[in-house]
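Participant: Sharing a structure here in structure tokens format.
Just so it is clear, none of the values below were taken in a lab; they were calculated from the coordinates. Computed from a predicted model, the values in this text were never measured in an experiment. Cβ atoms come from the backbone with ideal geometry, glycine included; neighbour counts cover every protein chain shown.
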Amino acid sequence: MTTGEHVVRLTIPAKAEYVSLCRLALAGLARVQAFREETLADLKLAITEAASNSVRHAYADAGGVVEVVYRLDPRRLEVEVADTGAGFDLEPRDGNGDELSEGGLGIAIIRAIADEFELSSDAGGSRLRFVKRLA
């Protein structure tokens, strides 16, 4: 951890009712280091989509957990959402790179909001990472 960096780790059960905790943690970080309301609203939408994807698709039996790590420094916020579920096919259904799995709109939203975006998935789970520059 570098000087001025804040790291928050959150582990939630893979259930829809816990996704709001991801937004609350983000709101708490915005109190540590203020950023624009519009940016906070966009980031809340992105984290909701990322965590919801893991909750909906990772565990067939609705068991398991979703790990969320926030790394905030004066210039940027990095968010990583990971699960150890079944994973999914990274190939888009429509060939244009915007649709993954069912619906896929959430991935497109996160890509539009983020300055950096990474997604990986295999039989050991899925990992989505995005970065938003703040300064």
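Participant: Using Cβ counts within 10 Å as a stand-in for footprinting exposure, how do D83, D42, D115 rank, fewest first?
Facilitator: Sorted ascending by nearby Cβ count, the order is D115, D42, D83.
Participant: Shifting gears a bit: Could you state the principal axis extents of the C-alpha atoms in the chain, from the largest down, to the nearest angstrom?
Facilitator: Per principal axis, max minus min of the Cα coordinates gives 38, 32, 25 Å.
Participant: Which trypsin sites (Lys or Arg not before Pro) in segment 27-76 pass both tests, a DSSP loop state and at most 14 other beta-carbon atoms within 10 Å?
Facilitator: Taking segment 27-76 and a limit of 14 other Cβ atoms within 10 Å, the loop trypsin sites (Lys or Arg not before Pro) found are R36, R75.
Participant: How big is the Rg/Rh ratio for segment 1-53, C-alpha atoms only, Rh by Kirkwood, two decimals?
Facilitator: 0.99
Participant: If you place +1 on the Cβ of every Lys and Arg and -1 on the Cβ of every Asp and Glu, how big does the dipole about the Cα centre of segment 6-133 come out, in debye to the nearest 20?
Facilitator: So the magnitude is around 660 debye.
Participant: Amide H of R76 versus every other amide H placed in the peptide plane: which residues, excluding those fewer than 5 positions away on the same chain, fall under 5 Å?
Facilitator: Here the answer is L134, since their amide H atoms fall under 5 Å of that of R76.
Participant: In the chain, with Lys and Arg counted as +1 and Asp and Glu as -1 at Cβ, which of these residues, L77, F117, T48, has the Cα nearest the positive end of the dipole, that is, farthest along it?
Facilitator: About the Cα centre, the residue reaching furthest to the positive side is L77.
Participant: Right, something else. Pulled fully out, how much extra length does the chain show between K15 and A123, if you take 0.36 nm times their separation in residues and subtract their Cα-Cα distance?
Facilitator: 36.8 nm
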